[in-house]
Amino acid sequence: MKNTFALILLLIISTGLHGQKFDGLALTPPMGWNSWNHFGCNVDEKMIQETADAMVTSGMKDAGYTYVVIDDCWHGERDSLGFIRPDPGRFPSGMKALADYIHSRGLKFGIYSDAGAKTCGGRPGSRGYEYQDALTYASWGVDYLKYDWCSTGELNAKEAYTTMRDALYRAKRPVVLSICEWGDNEPWTWAKDIGHLWRISGDIHHCFDCQWDHGIWSSWGVVQILEMRKNIRQYSGPDHWNDFDMMEVGNGMSAGEDRAHFSLWCMMASPLIAGNDLRKMSKETVDILTNKEVIAVNQDQLGIQGYKMLDLGDLEVWVKPLKDSGLAVCFLNRALIPESIGFDWKEYPIDDGFSKLKIDFNKATYQIRDLWAKKPAGTTNQEFKAIVPGHDVIMLKLFR
Ligand code: GLA
């Protein structure tokens, strides 16, 4: 009896010591903005405030974007007690004031750290300070943490990310945890109960089809990331997403490439984290980032990652099952020259073993809507005819 009592007590104490993931914070893929792709280490409070303003005035907030995330290099030194402080030159008002500003715009505040001793930009990492940093973030009002993997040596990834998850939980402020270890340790196989999203690749580069060699590592174009992890869609879903990386829309690719990039991230149910300068966007960039019908495909409640249904060489057909037995279909032209399509739905039944979506278009007729042209495009009883420009897409929604 005494032993049972002691065992129960021990169980209560040890459960109390462990943390858990804040459930339900990312039931659809998180949407927001991150400083890294465009600004690198050149971050400061004025630019971040202006970005929050632009997120509202551009219509992005209305379209669903919420998180304003400062990536690497916001850090100053740790103080004599070990508390991390922002760079006083770049963030003179402090992080609490910046978080308040972002919150006052109806947005959420995200920050970046690293599981190792130093961040990838050489700033102080959280190793050995996880609980202290989590408390600091909570006191600032942080809602989202991107947690990187530089300078981690022999650390075990699952353990390191669990430590930060538990630290955040103990600090009691709900925080979305974005795991960024580039897919090296296959987080999709172990991180469902640890983070809300995990990167599946090395860094993106603002090109459609390229590999950018940095010596011991490479960054990748849009189609390279798309192809990199073909067989892990079953690991992604509500509250635990495969993260295809922050977007490069508006960072120098052509409008067609940006449209294709955005469409494919939506098809893959990837988090939609813009990575451009929101203060200086062309109308084309705004139109791409705020196309609500395309975003609705990304945010569909089923949360099913799309897949390549057909590979016709340069032309590919991607499919994403949606709620109410609908689906999105994306024709991707990977070549630079236009491709004409004549697509007979009746020849291509849908049979997705993962989502169990099965459609024989000989037996069921679907309505078609063109999500970029924003108009109806007939039904599946007719052949779908169109020209897909080079490095571009046509994206359709099929529904009954
Ligand atoms: C890594 C990450 C990037 C970015 C940089 C910052 O490379 O993958 O997304 O956070 O570090 O240094």
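Being among the aliphatic types (A, V, I, L, M), under 23 Å from A335 (Cα atoms) and surrounded by 15 or more Cβ atoms within 10 Å (Cβ to Cβ), is that true of even one residue in the range 234-252? Checking the range 234-252: at least one residue is among the aliphatic types (A, V, I, L, M), under 23 Å from A335 (Cα atoms) and surrounded by 15 or more Cβ atoms within 10 Å (Cβ to Cβ). If you go through the range 62-77 and keep only what is away from the ligand (no atom under 16 Å from the Cβ) and aromatic (F, W, Y), you end up with just Y65. Looking only at the range 206-233, residues that are more than 22 Å from V319 (Cβ to Cβ) and surrounded by fewer than 18 Cβ atoms within 10 Å (Cβ to Cβ) come to 9 in all. Which residue out of A117, A97, A138, A54 is of a type in the set (A, V, I, L, M), surrounded by fewer than 22 Cβ atoms within 10 Å (Cβ to Cβ) and within 16 Å of the ligand (Cβ to nearest atom)? Only one candidate qualifies: A117. Counted as qualifying within the range 195-300 are the strands (runs of 3 or more DSSP E) with 2 or more residues that are modelled with pLDDT of 95 or more, namely 197-199, 218-220, 241-243, 272-274.
Does the range 373-381 contain any residue that is under 24 Å from the mean Cα position of the chain (by Cα) and part of a strand (DSSP E or B)?
no
When the range 41-72 is filtered for residues that are in a helix (DSSP H, G or I), more than 17 Å from K283 (Cβ to Cβ) and in contact with a strand residue (DSSP E or B) (Cβ under 8 Å, 6 or more places away or on another chain), the ones remaining, listed by number, are I48, T51, A52.
Determine whether S178 is within 12 Å of the ligand (Cβ to nearest atom), touching a strand residue (DSSP E or B) at 6+ places or on another chain (Cβ under 9 Å) and on the phi > 0 side of the Ramachandran plot.
In short, no.
For L278, the conditions (1) of a type in the set (A, V, I, L, M, F, W, C); (2) surrounded by 24 or more Cβ atoms within 10 Å (Cβ to Cβ); (3) more than 16 Å from R334 (Cβ to Cβ); (4) under 16 Å from the mean Cα position of the chain (by Cα) are fulfilled apart from (4). For the range 182-198, the candidate set comprises residues that are within 13 Å of the ligand (Cβ to nearest atom) and in contact (Cβ under 8 Å) with a residue 40 or more places away in the chain; within that set, the residue that is farthest from N242 (Cα to Cα) is G183. Residue check: L278 meets all listed conditions (1) more than 15 Å from the ligand (Cβ to nearest atom); (2) closer than 27 Å to L27 by Cβ; (3) touching a Pro at 6+ places or on another chain (Cβ under 9 Å) but one, namely (3). Of the numbered criteria (1) touching a helix residue (DSSP H, G or I) at 6+ places or on another chain (Cβ under 9 Å); (2) not in a loop (DSSP other than H, G, I, E, B), the one F331 fails is (1).
I need the full set of residues from the range 346-372 which are part of a loop (DSSP other than H, G, I, E, B) and either on the phi > 0 side of the Ramachandran plot or of a type in the set (S, T, N, Q) (or both), in order please.
Taking the range 346-372 and keeping what is part of a loop (DSSP other than H, G, I, E, B), we get 348-349, 353-356, 360-366, 371-372.
Listed by number, the residues that qualify are S355, K356, N362, T365.
With S218, S201 as the choices, which residue is of a type in the set (G, A, S), within 15 Å of the ligand (Cβ to nearest atom), in the same structural domain as W33 (by TED's automatic domain parsing) and touching a residue at least 24 places away in the same chain (Cβ under 8 Å)?
Numbers: S218 fails: touching a residue at least 24 places away in the same chain (Cβ under 8 Å).
On inspection, the qualifying residue turns out to be S201.
When the residues of the range 149-160 are filtered to those that are under 12 Å from A191 (Cα atoms) and in contact (Cβ under 8 Å) with a residue 12 or more places away in the chain, the one that is farthest from the ligand (Cβ to nearest atom) is K158.
Restricting the first member to the range 161-178 and to residues that are surrounded by fewer than 21 Cβ atoms within 10 Å (Cβ to Cβ), and the second to residues that are of a type in the set (K, R) and not in a helix (DSSP H, G or I), the beta-carbon pairs closer than 9 Å and six or more apart or on different chains are Y169/K21.
The values are calculated or read from the model by the stated rules, or taken from the named source; none is laboratory data. Please read all numbers here as calculations on a predicted model, not as lab measurements. Using ideal geometry, Cβ is built from the backbone for each residue, glycine included, and neighbour counts are taken over all protein chains shown.
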